[in-house]
Amino acid sequence: MLPKDPNILFSLLNTKLRDFYPSLDALCDDLEEDAQELKAIMERAGYKYDIESNRFVKR
């Protein structure tokens, strides 16, 4: 279960991406989450996924 607060989610996702997963798709496959849905949630909170650095960044 992922946190609902987008700022906590931002921190959690970036930590997991940095420490455990080579991509957002790998993270989502493992956690059984939808990558497009996570991207949409983060976009609404002002973040975007940067594929080159494999992390969410402030827009």
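Since every read-out is calculated from the coordinates, none of them should be taken as a lab result. Here the structure is a predicted model, which means the values were calculated and not measured. Here the Cβ positions follow ideal geometry from the backbone for every residue, glycine too, while neighbour counts run over all protein chains shown.
Worth a mention:
- Loop chymotrypsin sites (Phe, Trp or Tyr not before Pro), the chain (other Cβ atoms within 10 Å of the site Cβ: 14 or fewer; DSSP): 20
- Debye log10 I(q)/I(0) at q = 0.23, 0.28, 0.29 Å⁻¹ for the chain, Cα point scatterers: -0.90, -1.41, -1.52
- Our helix-only sum for the chain, with -39,500 (n - 2.57) per DSSP H run of n ≥ 4 divided by its residues, gives a mean residue ellipticity at 222 nm of -16500 deg cm²/dmol.
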